[in-house]
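Below is one structure, written out as C-alpha coordinates, with a few remarks after it.
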Amino acid sequence: MGVEARIRELREAGELAGLPGEGQPLPSDPDDDAGDAWASRHVLRTSGARPLWTELRRDASERRMRIVMRLRAHLAWLETRQKLLRHLPAERIVPEVALTKQTDGRVRAEVAHAIAELNALVRDHNLVVTATGLHLPIASLEGLIEVARRGRD
(Lines give C-alpha, C1' and ligand atoms only; values in the text may rest on other atoms or scores of the structure.)
Protein backbone atom coordinates (compact mmCIF):
# COMPACT_ATOMS: atom_id res chain seq x y z
CA MET A 1 0.00 0.00 0.00
CA GLY A 2 1.41 3.40 -0.98
CA VAL A 3 1.80 6.33 1.36
CA GLU A 4 -0.93 8.36 -0.32
CA ALA A 5 -3.36 5.45 -0.10
CA ARG A 6 -2.56 4.97 3.59
CA ILE A 7 -3.09 8.70 4.27
CA ARG A 8 -6.42 8.58 2.41
CA GLU A 9 -7.44 5.54 4.48
CA LEU A 10 -6.52 7.27 7.76
CA ARG A 11 -8.34 10.46 6.75
CA GLU A 12 -11.50 8.52 5.85
CA ALA A 13 -11.33 6.69 9.19
CA GLY A 14 -11.09 10.05 11.00
CA GLU A 15 -7.64 9.30 12.45
CA LEU A 16 -6.19 12.57 11.16
CA ALA A 17 -9.03 14.83 12.40
CA GLY A 18 -8.21 17.43 15.04
CA LEU A 19 -4.46 17.41 14.56
CA PRO A 20 -2.61 20.72 15.03
CA GLY A 21 -2.49 22.69 11.79
CA GLU A 22 -5.41 20.81 10.22
CA GLY A 23 -6.71 22.72 7.21
CA GLN A 24 -3.74 25.11 7.24
CA PRO A 25 -1.37 25.38 4.28
CA LEU A 26 2.06 23.84 4.76
CA PRO A 27 4.73 26.37 5.74
CA SER A 28 6.95 27.52 2.91
CA ASP A 29 10.32 25.83 2.56
CA PRO A 30 13.09 28.23 3.63
CA ASP A 31 15.29 26.71 0.93
CA ASP A 32 12.99 27.80 -1.93
CA ASP A 33 15.18 30.81 -2.75
CA ALA A 34 18.45 28.87 -2.79
CA GLY A 35 18.38 28.17 -6.52
CA ASP A 36 20.73 25.34 -7.50
CA ALA A 37 22.01 25.05 -3.93
CA TRP A 38 18.60 24.17 -2.50
CA ALA A 39 19.47 20.51 -1.90
CA SER A 40 22.64 21.26 0.06
CA ARG A 41 20.89 23.94 2.13
CA HIS A 42 18.01 21.59 2.84
CA VAL A 43 20.31 18.75 3.93
CA LEU A 44 22.34 21.06 6.19
CA ARG A 45 19.23 22.63 7.73
CA THR A 46 17.41 19.38 8.40
CA SER A 47 20.40 17.28 9.48
CA GLY A 48 21.36 19.50 12.40
CA ALA A 49 24.92 19.71 11.08
CA ARG A 50 26.99 22.46 12.63
CA PRO A 51 30.25 24.05 11.50
CA LEU A 52 33.38 22.56 13.08
CA TRP A 53 34.18 25.76 14.96
CA THR A 54 30.85 25.68 16.83
CA GLU A 55 31.60 22.17 18.09
CA LEU A 56 35.12 23.22 19.10
CA ARG A 57 33.73 26.28 20.87
CA ARG A 58 31.15 24.21 22.76
CA ASP A 59 33.79 21.67 23.79
CA ALA A 60 36.17 24.43 24.94
CA SER A 61 33.40 26.10 26.92
CA GLU A 62 32.46 22.83 28.64
CA ARG A 63 36.10 22.09 29.49
CA ARG A 64 36.60 25.59 30.87
CA MET A 65 33.49 25.23 33.02
CA ARG A 66 34.72 21.87 34.40
CA ILE A 67 38.11 23.40 35.25
CA VAL A 68 36.47 26.34 37.02
CA MET A 69 34.21 23.98 38.98
CA ARG A 70 37.25 21.87 39.98
CA LEU A 71 39.04 25.02 41.11
CA ARG A 72 36.02 26.15 43.14
CA ALA A 73 35.91 22.81 44.90
CA HIS A 74 39.64 22.95 45.56
CA LEU A 75 39.48 26.52 46.89
CA ALA A 76 36.67 25.47 49.24
CA TRP A 77 38.79 22.50 50.38
CA LEU A 78 41.77 24.82 51.01
CA GLU A 79 39.59 27.14 53.05
CA THR A 80 38.32 24.21 55.13
CA ARG A 81 41.92 23.01 55.64
CA GLN A 82 42.98 26.48 56.81
CA LYS A 83 40.20 26.49 59.40
CA LEU A 84 41.23 23.01 60.52
CA LEU A 85 44.89 23.99 60.82
CA ARG A 86 44.01 26.88 63.14
CA HIS A 87 42.49 24.47 65.65
CA LEU A 88 45.03 21.65 65.56
CA PRO A 89 47.42 20.89 68.39
CA ALA A 90 50.95 22.14 67.70
CA GLU A 91 52.40 18.66 67.12
CA ARG A 92 49.98 17.99 64.24
CA ILE A 93 50.31 21.31 62.42
CA VAL A 94 53.58 20.62 60.54
CA PRO A 95 52.50 17.25 59.04
CA GLU A 96 49.04 18.61 58.15
CA VAL A 97 50.52 21.70 56.47
CA ALA A 98 52.83 19.42 54.48
CA LEU A 99 49.86 17.24 53.44
CA THR A 100 47.87 20.33 52.45
CA LYS A 101 50.76 21.67 50.33
CA GLN A 102 51.28 18.25 48.71
CA THR A 103 47.59 17.95 47.80
CA ASP A 104 47.45 21.55 46.59
CA GLY A 105 50.48 20.91 44.35
CA ARG A 106 48.91 17.74 42.91
CA VAL A 107 45.60 19.48 42.17
CA ARG A 108 47.36 22.47 40.58
CA ALA A 109 49.37 20.10 38.36
CA GLU A 110 46.18 18.29 37.29
CA VAL A 111 44.47 21.61 36.56
CA ALA A 112 47.53 22.89 34.68
CA HIS A 113 47.37 19.77 32.48
CA ALA A 114 43.63 20.32 31.88
CA ILE A 115 44.32 23.97 30.99
CA ALA A 116 47.01 22.90 28.50
CA GLU A 117 44.46 20.58 26.83
CA LEU A 118 41.88 23.39 26.85
CA ASN A 119 44.34 25.80 25.26
CA ALA A 120 45.18 23.27 22.52
CA LEU A 121 41.46 23.12 21.74
CA VAL A 122 41.24 26.93 21.82
CA ARG A 123 44.14 27.16 19.36
CA ASP A 124 42.40 24.67 17.04
CA HIS A 125 39.21 26.73 17.28
CA ASN A 126 41.03 29.99 16.56
CA LEU A 127 42.71 28.46 13.50
CA VAL A 128 39.35 27.39 12.07
CA VAL A 129 37.56 30.68 12.80
CA THR A 130 38.65 33.41 10.42
CA ALA A 131 36.91 36.29 12.23
CA THR A 132 39.22 37.43 15.02
CA GLY A 133 36.21 38.80 16.90
CA LEU A 134 35.09 35.20 17.44
CA HIS A 135 38.46 33.96 18.71
CA LEU A 136 38.57 32.45 22.18
CA PRO A 137 41.14 33.68 24.71
CA ILE A 138 43.93 31.42 25.95
CA ALA A 139 43.28 30.36 29.55
CA SER A 140 45.70 30.67 32.46
CA LEU A 141 45.67 29.08 35.89
CA GLU A 142 45.69 32.49 37.58
CA GLY A 143 42.85 33.77 35.41
CA LEU A 144 40.66 30.73 36.03
CA ILE A 145 41.39 30.85 39.78
CA GLU A 146 40.15 34.45 39.73
CA VAL A 147 37.00 33.36 37.87
CA ALA A 148 36.48 30.57 40.42
CA ARG A 149 36.88 33.02 43.31
CA ARG A 150 34.41 35.49 41.80
CA GLY A 151 31.84 32.71 41.48
CA ARG A 152 31.07 33.38 37.82
CA ASP A 153 31.87 31.63 34.56
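The values are calculated or read from the model by the stated rules, or taken from the named source; none is laboratory data. Since we're looking at a predicted model, the values are computed, not measured. Every residue, glycine as well, gets a Cβ built from its backbone with ideal geometry; the counts of neighbours run over all protein chains shown. All accessible areas refer to the heavy atoms of the entire protein, side chains included, with ligands and DNA or RNA removed. Shrake-Rupley method; radii C 1.70, N 1.55, O 1.52, S 1.80 Å.
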Residues of region 111-145 being under 13 Å from ARG63 (Cβ atoms) and of a type in the set (Asp, Glu), which ones? GLU117, ASP124
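Just to be sure, is ARG11 part of a helix (DSSP H, G or I), under 30 Å from ASN126 (Cα atoms), among the basic types (Lys, Arg) and at pLDDT below 85?
Considered against the rule, which asks whether it is part of a helix (DSSP H, G or I), under 30 Å from ASN126 (Cα atoms), among the basic types (Lys, Arg) and at pLDDT below 85, ARG11 comes out as no.
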Log entry, pairs with first residue in region 108-123 being touching a residue at least 12 places away in the same chain (Cβ under 8 Å), second being part of a helix (DSSP H, G or I) and of a type in the set (Gly, Ala, Ser), beta carbons closer than 6 Å, six or more apart or on different chains, reads LEU121/ALA60; VAL122/ALA60
Residues that are acidic (Asp, Glu) and open to solvent by 50 Å² or more (accessible area, probe 1.4 Å), drawn from region 74-97: GLU79, GLU91
Kindly provide the set of residues from region 45-73 that are open to solvent by 80 Å² or more (accessible area, probe 1.4 Å) and in contact with a Lys or Arg (Cβ under 9 Å, 6 or more places away or on another chain), ordered by number. ARG50, ARG58
Of all the residues that make up region 125-142, how many are free of Cβ contacts under 8 Å to residues at least 40 places away in the same chain, open to solvent by 40 Å² or more (accessible area, probe 1.4 Å) and not in a loop (DSSP other than H, G, I, E, B)? 4
Restricting attention to region 21-69, the residues that are over 24 Å from GLY133 (Cα atoms), among the charged types (D, E, K, R) and either in a helix (DSSP H, G or I) or at pLDDT 85 or above (or both) number exactly 6
